[in-house]
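Notes follow once the structure below has been shown.
The values are calculated or read from the model by the stated rules, or taken from the named source; none is laboratory data. Because the structure is predicted, anything quoted here is derived from the model rather than measured. A quick note on method: Cβ atoms are made from the backbone with ideal geometry, for glycine too, and the neighbour counts reach across all protein chains shown. The area values use the complete protein model at the heavy-atom level, side chains included, leaving out ligands, DNA and RNA. Shrake-Rupley method; radii C 1.70, N 1.55, O 1.52, S 1.80 Å.
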Amino acid sequence: MAPRHPTVLNLDDAAYEEDIGDGSPYLAIPSSTSSRASSSTSFSDASSPRTLPTDDEYDIPIGSAMSPDVLDTPTNIKFSVQLPSPSSPSLATFSDRPFQIERAATLPDNLQTEKKRSTAREIQEELKALPRDNTSIANMRRWIMGIAVVEFDLDSGPVVEGIYPPLALLPAESQNIAFCAFPDSMQFDQGSQTHSFRVRESVAAKPLENRPATIDGFIYGFSHFIQRRDSSSKRGYSQRSLVILTQHQYPALYSALTSIFGPLFGQHGTPMLEAACHNIATWPDPTPGRTLELGFLGTVLHVEIPQSIDVLQVTGTSSFNEKYNPRLHVRILATTAPFIPPPLLLFEACLANLWSIWECLVLCEPILVFGPSPAETSQAIWWLRDLLRPIPLAGDVRPYFTMQDGHYTELVNRLPPKAGLLLGVTNPFFEKSCAHWPHVLSLGRRIPVANTPKQKTPVLGSSAGPAPGWKTRTHKRYISKDRVLLKKLEHAVRGDERAKIEASLALRTHFCSRSTQLIAPLARYLNSLIPSPTEVHHARKTSTLTPSLSSSAFPSPAASPMSTFSSPAFKSSSSKSRLASTSIPSSPAPTSTAALPSTRVPRSPYLGHRSLQLKPFNSDHFFASLKAHGSTLPFKSAAKRTQFYERWLKSPAFGTWLAQQENIVQTVLNDSPLIPPASIIGTPSLRG
C-alpha cells in the first residue's frame, strides 16, 4: 500500500498565554499556539519564519502588522509539496547529489495533527529510539554538540532528561545547563520564551567519549522555555525547555534555530527533533568568511559566517545580495545579537548613559545587568559584546546567570568583581550580593515616580531588582556624546517598530565605529614597529633557507592574516607580549581559531637564528605619536584622551589585542614574500 501523506496540518486552537506584561518593552509576536506570545520569543511563530509573501509552497495568512492587540494567527497550514518518504528523515542516509535546499524537504512528512505532551520517561525512550549513525552525528557536531530536553522535577528541580545525539556531560555541567535552561522567576501564566546562556566547561580526569571539543572552554546554550497549565501536575503547571548546545559563539544564528525548533517540537514531539538534526547534519562546514544557505524545518536561512569571532559584521557590507533587513529572519549575521525585538527598547531608561556604558566595556569594567527575563538579559549581553568589535573580548560574559551555577562563588563574592565580567541576572537576590559592584545596568523603560505610597509589588513588565537605568560608583565619562544621535534615539522609542529597528542599527554602527576609532592610533604606531624592507631583506639573506620547500609551506592569499588587523588567522595564545605593564588574561579569549579549529601555522621557509617580529612596544613613544597625530574620537580634552589610553593600555583587552597583532605580523613577515610593512596593519573600514 502506498504511504499516506498528510495534506493538512491542523494546529491547536489558540489558547491565551499571558505575556510578561503590558508594560514590557518587547512586542508580542504571533505564535502558532497562542494569541499572545512571550515578549521575548523573537522567532516563536512556527509559521512566520518559514513563510515569505513571495513563496507559493504554503497557504498561510500573513498579518499586515504586528501589534500586542491585533494578531493574525494561522489556523491551517496546507502543504502543497508531497514528501518522498513516509517517515521522518533518517540520520543514517544522505544523498550524494548536489545539495539544493527546498523548504518543504526539511520537514518530516509524518507530522501528527495533534501530539499529546510526552512525559519525561516517554521522552527518554523516544530519544533512545532515534537512529545513531556515526557519520551523521560527526557531521552534525560541526555545528552543535547536541539538543537537550530539560524537565522540571518536583524533587530535584530542573533536570536534563536526555540529549540527542548522546552527549557525555559531567554532573556539574549537566546541573548548570539544567538551571540555566529555566527562568528563575515567574514570567507568565502560560507561554514561551527564548534565551541563551554560557557555561564553563568542566575539566574531566580523562577525555570523555561522545564529546566534541569546545573552542574557548565554554558551552553555549540556546533555550526555548515552555510553560502550560497542567491539572495532572502538583504544581499546576508543566514546564519544559529545549536547549541547543553548541561550541560556536553565534547568538543570532542559534537564537533563530531555537525559536523555530521549540514551538514545532512542542506540537509534534521527537519527529521534529530528528528532522532538525538531519537538517543540521546535511549543512556544509561553518567556513569563515562565507555566506551559507542552510535548510532548517521549512526555513531556508542565509547565514554570513565571519572571518573570526572578533571581526565586526557590518550590515552595509554584508554578503547578502540585497539590503540587510533584520525583520527577515532568514538573513542572519551570525555573531550579532538578535535584532527582534529591537534592542533599543532594552536601554530605554539609560539612553543618555550609553556612552559611559561603552567606555566601561572598552576599559574592561565589570557590569551587572539586571532584567525582567532571561531573554532580555541575554539579548542585552550579546548586544554589548557586539559593540566591542573589533576589540577582542578579554573577560567572562554570562548572558544569563543563576545562583545555582557551579561557579557562583567564584564570580559573586565579597571581593572586587573580575575585570571584563558581564553578568546577566534576573533574581533580585543579586542586588544585595553584588551591592559592592561598581556598575549596575537595569534594563527596560523608566517608570515614572508617582505621588502615591510605594508599591510593595513590582510593576508588571519591570524588573524586581533595581529600577531601570544606569548606576555607576566610579566612572566619569572621557568622550563626548553624539547629541544628534541621542535625540534620534529618544524620538525612535516613541515611534513604530520600524523606527526602533533602524535606530538600533544606527546605534550599533555608531559604537562599533567608535571601537574602530579607538584602536586606530595604536595601529598607526604599531606600523612604525614593523621591520623595514631593508631589515627584512637582510634577515632573509643571512638566514639559512630550508633545502626542500613545497608550495604548501607558504600561506595562501585567502588565509593571509594581513588583510585586516582585526581578522587574525592564527591563535595568539602562543604570542608573548613584550609590554611589561600588560597582563594577558589567563582564561582563553575567543580568537579566530574558534572559526578555524583545524588551521595550523605553516612552517616558515626562513629558518634563521631569530625570526622577524615587531619591535618592543614603548608606551612613551606611543603617547608621543598620539600627541602628534591625535585621535578621531571626540574626547572632552587632550588630558582626558591621555587618561583614557593610559587606562586602556593596562586593561586585559589591550594585552589580548597586542598579542594578536604581534602574531599576525610575525606570521606574515616570516612566511610570506617581501611585503610593504605599512600594509600589514591597518584600520578596517566601517560602512553602514
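Numbers below:
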item: Cα gyration tensor, the range 200-294 - rounded (a/c under 1.5), prolate or oblate; result: oblate
item: Taking the range 113-286 and dividing mean pair separation by its residue count, relative contact order in percent (alpha carbons under 8 Å, at least six apart); result: 29 percent
item: Rounded to whole Å, sorted largest first: equivalent-ellipsoid semi-axes of the range 237-287, Cα gyration tensor; result: 21, 14, 8
item: Karplus (6.51, -1.76, 1.60) ³J(HN,Hα), θ = phi - 60°, over the range 246-260, in Hz, Gly and Pro reported as x; result: 8, 9, 9, 9, 10, x, 5, 5, 6, 5, 5, 4, 5, 6, 7
item: Long-range amide H partners of Gly146 with built H, under 5 Å; result: Leu245
item: Residue-normalised accessible area of the range 113-286, expressed per residue, 1.4 Å probe, Å²; result: 36 Å²
item: For the range 388-403, 3J(HN,Hα) per residue [Karplus equation, 6.51 cos²θ - 1.76 cosθ + 1.60, θ = phi - 60°, Hz, x = Gly/Pro]; result: 6, 4, x, 6, x, 7, 10, x, 8, 10, 10, x, 8, 10, 10, 5
item: Sequence-distant residues sharing a close amide H with Phe296 (under 5 Å, placed H); result: Leu301
item: Dipole magnitude (debye, nearest 20) for the range 113-286, charges at Cβ of Lys, Arg, Asp, Glu; result: 100 debye
item: Asn427 paired with Arg235, simple spin-label distance in nm, labels 7 Å along Cα-to-beta-carbon; result: 1.5 nm
item: The range 190-204 - phi-based ³J(HN,Hα) in whole Hz, Karplus 6.51/-1.76/1.60, Gly and Pro as x; result: 10, x, 8, 7, 10, 9, 9, 8, 9, 10, 6, 6, 7, 8, 8
item: Prolate/oblate/rounded call for the range 113-286, Cα gyration tensor, a/c under 1.5 rounded; result: prolate
item: In nm, spacing of pseudo-spin labels at Leu415 and Lys640 (7 Å Cα→C-beta vector); result: 3.4 nm
item: At R0 = 51 Å, FRET efficiency that the Cβ-Cβ distance of Lys488 and Ser532 yields, to 0.05; result: 0.60
item: Between the range 215-282 and the range 413-430, the Cα center-to-center distance that results, in Å; result: 27 Å
item: Over 27 Å between alpha carbons, listed pairs Lys541/Lys615; Lys481/Lys650; Lys432/Lys636; Lys481/Lys615; Lys488/Lys627; Lys481/Lys627; result: Lys432/Lys636; Lys481/Lys615; Lys488/Lys627
